[in-house]
Amino acid sequence: MTGTEEARRTELAERLEAVRARIAAACGEAGRSPAEVALTVVTKTFPASDVRLLAGLGVHDVGENRHQEAEAKAVACADLGLRWHFIGSLQSNKAVAVTAYAGVVESVDRLKLVSPLSRGVHERGRVLDCLVQVSLDAPGQGRGRAGAEPGDVPALADALAEAEGVRLRGVMAVAPRDEEPAAAFERLARVAARMRADHPDAAWISAGMSGDLEAAVAAGATHVRTGSAVLGARPPVQ
Ligand SMILES: *Cc1c(COP(=O)(O)O)cnc(C)c1O
């Protein structure tokens with residue numbers, strides 16, 4: 001390892017440790033066990049070399065939000081046994097291709113995606129965990145954050161539950177910018193409870209990012225997705 005790589009490894013190790021400590025502290029506050037909350041490190045915009053260092057530090061789940069970038073990193077890191085979470089908005093014509101590397105698609109937000117995802121995993125003889133991305137924007141206040149309206153979630157969940165090769169696992173959401181995350185995550189918890197009533201195995205709640213993971217853990221998140229808290233500020237989008 002070069003000196004630069006060594007320094008980056010130390011930096012990532014320290015930041016990762018700090019995020020794990022934040023999750024543990026939030027679990028303590030909420031009377032939950034840290035074993036109930038899994039960490040996905042969002043590596044978007046960062047190079048495959050960082051993914052490799054993270055794998056060496058015990059990270060197993062990584063998240064990406066753009067297909068081409070995700071695919072290239074998944075190929076470059078194919079030897080690491082990672083589970084790739086697709087967390088970005090997904091065009092239906094890319095859905096089949098995403099199933100080549102994704103273990104989880106967290107951003108299923110419309111019925112049109114279900115059949116290509118199912119077809120993709122079926123062709124490859126794989127299984128895909130899927131979450132329904134839920135919009136937490138106030139009704140009529142769509143600010144461009146993706147996600148299904150809460151009222152559309154049950155039909156989407158049913159479609160995923162019935163599709164071959166696809167496992168409905170639960171819900172995912174991003175807190176709106178203009179609201180206390182705690183209130184938004186409470187709404188998500190209600191959507192999740194309703195889904196679980198129909199589909200008892202769909203118990204994942206993916207919520208919380210670098211800035212609001214404590215509020216998400218307090219509201220019952222089982223998966224948090226942190227990028228910048230582990231990897232540092234993202235380079236500006238080109
Ligand atoms: C980028 C991203 C994250 C991570 O955000 P940070 O604030 O860097 O932790 C989490 N979830 C989604 C859907 C993202 O696009």
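List of remarks:
- Top-ranked residue in the range 75-89 [being in contact with a helix residue (DSSP H, G or I) (Cβ under 7 Å, 6 or more places away or on another chain) and surrounded by 16 or more Cβ atoms within 10 Å (Cβ to Cβ); ranked as nearest to VAL108 (Cα to Cα)]: PHE86
- Residue in the range 26-40 that is more than 16 Å from the ligand (Cβ to nearest atom), in contact with a Phe, Trp or Tyr (Cβ under 9 Å, 6 or more places away or on another chain), of a type outside the set (D, E, K, R) and touching a residue at least 24 places away in the same chain (Cβ under 8 Å) present: no
- Long-range neighbours under 6 Å by Cβ, at least six apart or interchain, first residue farther than 19 Å from ALA173 by Cβ within the range 95-119, second within 16 Å of the ligand (Cβ to nearest atom) and part of a strand (DSSP E or B): VAL98/PHE86; TYR101/TRP84; GLY103/ARG83; GLY103/TRP84
- Exactly one residue out of ARG225, ARG196, ARG177 is within 16 Å of the ligand (Cβ to nearest atom) and free of Cβ contacts under 8 Å to residues at least 40 places away in the same chain, and it is ARG177.
- Residue count for the range 106-128, restricted to those that are within 16 Å of the ligand (Cβ to nearest atom) and either in contact with a His (Cβ under 8 Å, 6 or more places away or on another chain) or within 21 Å of ALA55 (Cβ to Cβ) (or both): 1
- Within the range 101-119, considering residues that are assigned to a loop (DSSP other than H, G, I, E, B) and among the charged types (D, E, K, R), the one farthest from LEU231 (Cα to Cα): ARG110
Coordinate-derived values only; no laboratory data. Quantities reported herein were computed from a predicted structural model and do not represent experimental measurements. Cβ sites come from the backbone with ideal geometry, for glycine too, and all protein chains shown count toward neighbours.
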